[in-house]
Amino acid sequence: MRFIKNKLSFDKKNVENLAKKFGTPLYCYSHNKIKSNILELKKYFQSFSPLICFAVKSNTNIKILKEIKKFNLGADVVSIGELLKALKAGIKAKKIVFSGVGKTSSELDYAIKQNILLINAESKSEILEIEKIAKKKKKIVDIGVRLNPNTDAQTLSQISTGKKENKFGVGEKVFLQLVKYINKSKNLNLKCLSVHIGSQILNHKPYQRMLKVVDKIIRKSKYKFEYIDLGGGMGIDYDHNNSKLNLEKYSLDIKKFIKTHKVKIIFEPGRSIIGDSAILITKIIYIKEGDKKDFIILDVAMNDLMRPALYGAKHKIIPLRKVSKKSKKSYEFVGPICESTDTFSIVKNYQKLNEGDFLAICDVGAYGMSLASNYNVRPKPMEILIKNSKIQILNKRQKISDLI
């Protein structure tokens, strides 16, 4: 994304032209960026060839999933809906892992029927439910057990998943008990130790600490795991200040770990593949003047992009046309929804804006459309993909008549 003659260009397309052609709000993805993100992950981890399972919750668009599948990726799913989408996108069942704390009996039944690679169980109750279904079907089911390593990912508290106060996984004592129990079961085959400490991680040290905990637990269990599922959580540079996870250091830590334990690695990245591949194009409806700041009222709202309202996430907002004149007051970028949390950011020293101007909200590929809703009876935005200089429509804009 760059300015050419003061006009914003995204994957070699003039963004204002896209806004005028397709209308706003508009999600716009770059196939080139998705491709380069996947190839970068593969490059850093090529020495041990992990199974990379895309976290479907981050972006559930089937056409996007089909593109990701072409790079030989699997899927990490957390519901039957995501599992169905992954299968419909052509992702092989033997490359799908099913995570999540509250899988229902019918979801487990379907996953077992599809013969997916792993069901990563998160409690004793869930393991007993899987065993009951497996007995009924006279099958042996491959499972993993998710360990809660009590490791602080040093990220937003709302997206931390690896501390003991979080609902995910089981602690050391229960984990070791479950290993013994599964070992005696005729219908369960324990293949994997699973772990995931959180999201938007930009420092490799929490991963280092996590690997030490996993190493200790494996030694204590005296069990030979085939897979270690290290989850995802690799962050992206939302602030655009070159903060980046050191994948090289993380890779070296994993290589040392594999040398000791001789296991296959599974990753579950979502954001690091899709997050910075998309922008959300919006139009200024009104500028409402205040004493100390002006409200820039956009046609995009928290129902279109939930992250700022949900956990105070920041997304850079860029004008589609660059001008030198600065605003004397701060700008608060807000949506039209009747909630005070329908706000995106407050910015000082922004360029002078006018009603009718277009803006781009950056890095919205992950948890943008997948969290979108019809709150206030608002139709969901259109989604497009730029691939090989051509525009593909991923999802048409919803019509109000469809909602009514």
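The values are calculated or read from the model by the stated rules, or taken from the named source; none is laboratory data. If you're wondering where the values come from, they're calculated on a predicted model, not measured in any experiment. No Cβ is skipped: glycine too gets one built from the backbone with ideal geometry, and neighbour counts run over all protein chains shown. Note: accessible area is taken over every heavy atom of the protein model, side chains too, but ligands, DNA and RNA are not part of it. Shrake-Rupley method; radii C 1.70, N 1.55, O 1.52, S 1.80 Å.
Only protein atoms count toward the accessible area here, which uses a 1.4 Å probe; on the chain, the carbon and sulfur part of that area reaches 50 percent.
Which whole-number value in Å² is the accessible area per residue of the stretch 30-145, probe 1.4 Å?
On the way: 4910 Å² over 116 residues.
Using a 1.4 Å probe on heavy atoms only, each residue of the stretch 30-145 averages 42 Å².
For the residue pairs K191/K256; K63/K95; K325/K380; K20/K325; K13/K94; K33/K396, the C-alpha atoms sit more than 27 angstrom apart in K325/K380; K13/K94. Across the stretch 22-35, rounded Karplus estimates of 3J(HN,Hα) from the backbone phi angles (6.51 cos²θ - 1.76 cosθ + 1.60, θ = phi - 60°) give 9, x, 10, x, 9, 7, 10, 9, 10, 5, 4, 6, 4, 4 Hz, Gly and Pro being marked x. Taking a straight Cα-Cα cut-off under 19 Å and skipping sequence neighbours fewer than 8 places away in the same chain, the lysines within cross-link reach of K249 are K42, K43, K205, K212, K259, K264. Beta bridges from DSSP with both residues in the chain: antiparallel share about 45 percent, rounded to the nearest 5. Cross-link pairs exceeding 21 Å in C-alpha to C-alpha distance, out of K173/K262; K283/K352; K57/K255, comprise K173/K262; K57/K255.
Give the separation of the Cα centroids, the stretch 23-65 to the stretch 300-365, in Å. If we compute the Cα centre of each part, the gap is 26 Å. The helix-based estimate of mean residue ellipticity at 222 nm for the chain, built from -39,500 (n - 2.57) per DSSP H run of four or more residues and divided by its residue count, is -9000 deg cm²/dmol to the nearest 500.
Using the Karplus relation 6.51 cos²θ - 1.76 cosθ + 1.60 with θ = phi - 60°, the per-residue 3J(HN,Hα) values for the stretch 6-11 come to 6, 10, 5, 10, 10, 6 Hz, with x marking Gly and Pro. The simple Förster model, with R0 at 22 Å and r as the Cβ-Cβ distance, assigns D237 and S49 a FRET efficiency of 0.25. Spatial offset of the stretch 74-135 relative to the stretch 173-232 amounts to 18 Å, using the alpha carbon center of each.
Relative to the longest principal axis of the Cα atoms of the chain, helix 105-114 runs at roughly 80 degrees. Quick check: the angle from helix 124-137's long axis to the longest principal axis of the chain, C-alpha only, nearest 10 degrees? The answer is roughly 70 degrees. The trypsin sites (Lys or Arg not before Pro) of the stretch 185-284 that DSSP puts in a loop, and whose beta carbon has at most 12 other beta carbons within 10 Å, are K186, K222, K224, K244, K262.
Which is the longest stretch in the chain that no exposed loop site breaks, taking sites as GluC sites (Glu not before Pro) with a DSSP loop state and at most 12 other Cβ atoms within 10 Å? Value returned for the longest uninterrupted segment is 1-164. Amide H contacts under 5 Å for N395: E383, restricted to partners 5 or more places along the chain or on a different chain, H placed in the peptide plane at 1.01 Å from N. For the stretch 185-201, the Karplus equation 6.51 cos²θ - 1.76 cosθ + 1.60, evaluated at θ = phi - 60°, returns couplings of 6, 7, 10, 10, 10, 7, 10, 9, 9, 10, 8, 7, 9, x, 10, 6, 8 Hz by residue, with Gly and Pro reported as x. Our summary gives the chain a relative contact order of 19 percent, counting only alpha carbon pairs under 8 angstrom and 6 or more residues apart. Of the trypsin sites (Lys or Arg not before Pro) in the stretch 8-61, not one is in a loop by DSSP (not H, G, I, E or B) with at most 10 other beta carbons within 10 Å.
Axis of helix 172-184 versus longest Cα principal axis of the chain: the two differ by about 50°, to the nearest ten degrees.
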